[in-house]
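Engineer: Before we start, here is the structure in question, set down as C-alpha cells.
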C-alpha cells in the first residue's frame, strides 16, 4: 500500500499546476453545492419558522369523521343500487365546528396540549373610503390566541391588545392595509357573505412575513366573524391547538381526532402545498448544482486520463517487473480519491467560511409583492450533515471518475508499449 | 550440485543461492520449446518466430544476434513472460509460464527475471535508488535497512554510489542505463534479460555497460541473455545465438559451433 501511495503521490506532485486546477474544480463544486443546500434549506427553515410562529400546530377542522364515513358508505352503496341523492345525507353539513366550547375543554385535557383557541373565518369585502378589497376575517379569541400562536408579536403598528379593548377592533395584514390605504385608527367596513355589514376600527397592522396572512387577512374578535358568517356563538371554522412538540405530531393528531370526532390536521399537512413547493425548488436546485460536481468529476477523469496516457510506458515498466493489474488500478484510484478528497476538504472549508461570512454580514433584499414568504434576508442553514454528505458524494464521483479513466491503465499490455517504445 | 524434482520453489531457491551465494548449480534456468509467434492481423499477419528451441543453463552469459526484424526482441519478450507464444512453451525455473495466471506471471517476472531495455525506462519522479528498489516495492518489500543497503550496494557496483538521490533527468544516458541494470538485479533474479542495452549509448558507455554485465556474470554466476547488434559483445560472450527470419540458425559456445 505504501508503494501505491508513494507512486500515486509522485504522479500528482510531478504536475502541481494540473493537480491544483483539478482540486480547485472539485473544491468549487463542493463549495457551491454546500452553499446552495445551505441557502435552500435556510429558506425552508425560515419559512417553517415563520409558519410555525403564526399558525396553530394542529387544527381541528369542521369535517366530522362520522360524516365522512357515512358519505363513503353511501357512495359505495350508490354504485350498485342506483341511488339518487338530491343533497348530502346528513342533516346539516355546513363547514363549521359546532359545540366548540365543549370541544376546547376536552382538548385542553389531552396531554401534550399547551393552548387551545376557537377561530372563525369569514369571507368579506373590506372597504376603506372608495377602496374595496376581498379579504378573510379571521375571528379569534385574542387572549386564548396568545397561547396558540405568536400572532401578537407580528403586530408591527398598533397592538394585539386592541382587539380585547375594542370589540370592533381589527388587526389588518400589512399589504392589505397598504392596498386599502388604511392605518391604525382608521375605520373600515366589512360586508360578509350574508350581506351583513360591520364597521371595524384598525387597532393594529400585522406583518407575519407570510403572503397568505399579510396580503388578505384581518384578525378580529371571534364574535365579529361569527356574526358576519351568520354562525352561532358556539360555532367556528376551526379549533386551533398548540402542542408542546413541533415535530412528531401524528400520535397527538390521532388522539385529538378520537377526542373530538373531527378531522385534525398538523401544520405540515395544512401547509403541504407550500412545503412541497419549497422542496421541489430545492431538489431542482440541488440537481443543477450537483452537475457542477459531476463536471468536477469529469475533470478528475480528464486529469487521470492525461496522466495515464502520459505514463503508459511507466505503467508497462511497472507491470514488467511485477506490479499486478490491481496494483496499477489502485495507483490511479488513489490519485482520483486524493484529488477528490483534497478538493472536498477545501470545498467544505470554503463553504464554511462563506456561510460564516454571509451569516455575519447577511445579504438583504427588498420584499416582493405577492411572494409566498417575505424573504428579505439571506438566511443560511449550516448543518454538518451537508458537509459530510456532499464530501461523500464528491468522493464517490471521484472514485467513479478514476475507475472510468483507469480502465485504460489496466488494459496496458507491457509488450505492446515496450515494443512501440523500442 | 544438481537439484531436481517436482518442488520448483526449492529448486529456485537452490538456484538463487547458486547464483548469488556461491553454490554451483547446472540445471537449465530457461527452457523454450517450439516457440512460434505471429504478429499482425489478417493479411498483414506474419510469423515472426518459427519453432524456436532454446535452453539456457545457469551461469551462462549468452548473446542473441540477428538482423533487424529477425524476431530477437519478440523472442526475448516471450522468454521473459511479457508476451504469450502462439505455440510452444517457455519454462523458467521449472515452471511453464503458460500454466500460471496473469498475477502469478507478474510475480514470477518480479522474482525470477530482471529486464534491461534499450531505453532505460526509469520512472522520472523517483530517485536513482528508488528506481532500483522499485521491483522490491512491487512485492511489498524494499523498505528495510537491508534492502536499502542492497540497493546502495548495487548502485555502487554500477559505479553510481554517489548518485543515489539523483533524479533520472540529472543523470547522463550511460548512468541512466546503469541504474536500469542495478534495478534489474535488485531482486537477485534467476535470469537477466537485456534487449539491446547499449543501443542508445556511445561506444564508451557501451563498453562500461558490457564490462558491468561481464562482472555481474562472473561475480554472481548470473545467467544473462542479451539481444544485441554489438559485434564486440557477441564475440566476447560465452555463447552466441544467431536468429534469422524467426529461426535459430546458430549456437556457438567459446569457439564451439553447434
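Engineer: Return a yes/no flag: does the stretch B:57-64 have any residue that is within 13 Å of chain A (Cβ to nearest Cβ) and touching a strand residue (DSSP E or B) at 6+ places or on another chain (Cβ under 6 Å).
Structural biologist: no
Engineer: Any chance you could count how many residues in the stretch A:196-214 are more than 19 Å from residue A:150 (Cβ to Cβ) and in contact with a strand residue (DSSP E or B) (Cβ under 8 Å, 6 or more places away or on another chain)?
Structural biologist: Counting residues in the stretch A:196-214 that are more than 19 Å from residue A:150 (Cβ to Cβ) and in contact with a strand residue (DSSP E or B) (Cβ under 8 Å, 6 or more places away or on another chain) gives 6.
Engineer: Next up: Scanning the stretch B:168-187 for residues that are part of a loop (DSSP other than H, G, I, E, B) and buried (at least 16 other Cβ atoms within 10 Å of the Cβ), which turns out modelled with the highest pLDDT?
Structural biologist: Ranking the candidates gives B:171 first.
Engineer: Among (1) modelled with pLDDT under 85; (2) part of a helix (DSSP H, G or I); (3) within 14 Å of another protein chain (Cβ to nearest Cβ), which single condition is residue A:294 missing?
Structural biologist: Of everything listed in (1) modelled with pLDDT under 85; (2) part of a helix (DSSP H, G or I); (3) within 14 Å of another protein chain (Cβ to nearest Cβ), residue A:294 misses just condition (3).
Engineer: Moving on. Residues that are part of a strand (DSSP E or B), closer than 24 Å to residue A:256 by Cβ, touching a residue at least 12 places away in the same chain (Cβ under 8 Å) and touching a strand residue (DSSP E or B) at 6+ places or on another chain (Cβ under 7 Å): does the stretch A:140-147 have at least one?
Structural biologist: Checked against the condition, which is being part of a strand (DSSP E or B), closer than 24 Å to residue A:256 by Cβ, touching a residue at least 12 places away in the same chain (Cβ under 8 Å) and touching a strand residue (DSSP E or B) at 6+ places or on another chain (Cβ under 7 Å), the stretch A:140-147 yields at least one hit.
Engineer: So, one more: Could you please let me know if residue A:3 is away from every other protein chain (no Cβ under 14 Å), assigned to a helix (DSSP H, G or I) and surrounded by 20 or more Cβ atoms within 10 Å (Cβ to Cβ)?
Structural biologist: The answer is no for residue A:3.
Engineer: Of all residues in the stretch B:188-217, how many are surrounded by fewer than 23 Cβ atoms within 10 Å (Cβ to Cβ), within 14 Å of chain A (Cβ to nearest Cβ) and closer than 17 Å to residue B:117 by Cβ?
Structural biologist: 3
Engineer: Answer yes or no: is there a residue in the stretch B:107-116 that is touching a residue at least 60 places away in the same chain (Cβ under 8 Å), at the interface with another protein chain (Cβ under 8 Å from one of its Cβ atoms) and surrounded by fewer than 24 Cβ atoms within 10 Å (Cβ to Cβ).
Structural biologist: yes
Engineer: Go through the stretch A:315-356 and count every residue that is within 18 Å of residue B:121 (Cα to Cα) and either in a helix (DSSP H, G or I) or more than 14 Å from chain B (Cβ to nearest Cβ) (or both).
Structural biologist: 7
Engineer: May I pose another question? Name, by its number, the condition in (1) modelled with pLDDT under 80; (2) surrounded by 16 or more Cβ atoms within 10 Å (Cβ to Cβ); (3) within 22 Å of residue A:325 (Cα to Cα) that does not hold for residue A:398.
Structural biologist: Condition (1) is where residue A:398 drops out.
Engineer: Now for a different question. Can you tell me which condition residue B:120 does not meet? The list is (1) closer than 22 Å to residue B:200 by Cα; (2) more than 7 Å from chain A (Cβ to nearest Cβ); (3) over 16 Å from the mean Cα position of the chain (by Cα); (4) in a loop (DSSP other than H, G, I, E, B), and all the others hold.
Structural biologist: Of (1) closer than 22 Å to residue B:200 by Cα; (2) more than 7 Å from chain A (Cβ to nearest Cβ); (3) over 16 Å from the mean Cα position of the chain (by Cα); (4) in a loop (DSSP other than H, G, I, E, B), only one is false for residue B:120: (3).
Yes/no per residue for (1) closer than 19 Å to residue B:176 by Cα; (2) out of contact with any strand residue (DSSP E or B) (no Cβ under 8 Å at 6 or more places or on another chain); (3) in a loop (DSSP other than H, G, I, E, B):
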site	(1), (2), (3)
B:208	yes, yes, no
B:211	yes, yes, no
B:219	no, yes, no
B:224	no, no, no
B:229	no, no, yes
B:234	no, no, no
B:241	no, no, no
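Engineer: Next question, about the same structure. Is the stretch B:146-165 home to any residue that is part of a helix (DSSP H, G or I), within 10 Å of chain A (Cβ to nearest Cβ) and under 18 Å from the mean Cα position of the chain (by Cα)?
Structural biologist: The answer is no; no qualifying residue exists.
Engineer: If you scan the stretch B:135-145, which residues turn out to be within 14 Å of another protein chain (Cβ to nearest Cβ), farther than 25 Å from residue B:218 by Cα and assigned to a helix (DSSP H, G or I)?
Structural biologist: B:137, B:138
Here's the yes/no breakdown for (1) surrounded by 21 or more Cβ atoms within 10 Å (Cβ to Cβ); (2) at pLDDT below 90:
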site	(1), (2)
B:36	no, no
B:39	no, yes
B:42	no, yes
B:47	no, yes
B:50	no, no
B:64	yes, no
B:68	no, yes
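Engineer: Any chance you could count how many residues in the stretch A:303-314 are free of Cβ contacts under 8 Å to residues at least 24 places away in the same chain and more than 7 Å from chain B (Cβ to nearest Cβ)?
Structural biologist: Selection size over the stretch A:303-314: 1.
Engineer: Can we say residue B:126 is in contact (Cβ under 8 Å) with a residue 12 or more places away in the chain, within 9 Å of chain A (Cβ to nearest Cβ) and within 20 Å of the chain's Cα centre (by Cα)?
Structural biologist: For residue B:126, the condition - in contact (Cβ under 8 Å) with a residue 12 or more places away in the chain, within 9 Å of chain A (Cβ to nearest Cβ) and within 20 Å of the chain's Cα centre (by Cα) - is not met.
Engineer: For the stretch A:50-67, indicate whether the set of residues that are more than 22 Å from the chain's Cα centre (by Cα), within 14 Å of chain B (Cβ to nearest Cβ) and not in a helix (DSSP H, G or I) is non-empty.
Structural biologist: no
Engineer: Quick one: in the stretch B:222-254, which of the residues that are at positive phi and modelled with pLDDT of 85 or more is surrounded by the most Cβ atoms within 10 Å (Cβ to Cβ)?
Structural biologist: Applying the filter and picking the extreme gives B:246.
Engineer: Going through the stretch B:84-106 one residue at a time, which ones are out of contact with any strand residue (DSSP E or B) (no Cβ under 7 Å at 6 or more places or on another chain), within 13 Å of chain A (Cβ to nearest Cβ) and more than 19 Å from residue B:186 (Cβ to Cβ)?
Structural biologist: Correct list: B:84, B:100, B:101, B:102, B:103, B:104, B:105.
Engineer: While we're looking at this one, here's another question. Modelled with pLDDT of 90 or more, in contact with a helix residue (DSSP H, G or I) (Cβ under 8 Å, 6 or more places away or on another chain) and more than 30 Å from residue A:215 (Cα to Cα): is that true of residue A:354 in this structure?
Structural biologist: yes
Engineer: Another one. Given the residues A:220, A:189, A:224, A:184, which is the only one that is touching a residue at least 12 places away in the same chain (Cβ under 8 Å), surrounded by fewer than 22 Cβ atoms within 10 Å (Cβ to Cβ) and under 12 Å from residue A:124 (Cβ atoms)?
Structural biologist: Answer to the selection: A:189.
The values are calculated or read from the model by the stated rules, or taken from the named source; none is laboratory data. Because the structure is predicted, anything quoted here is derived from the model rather than measured. Virtual Cβ from ideal backbone geometry, glycine too; neighbours counted across all protein chains shown.
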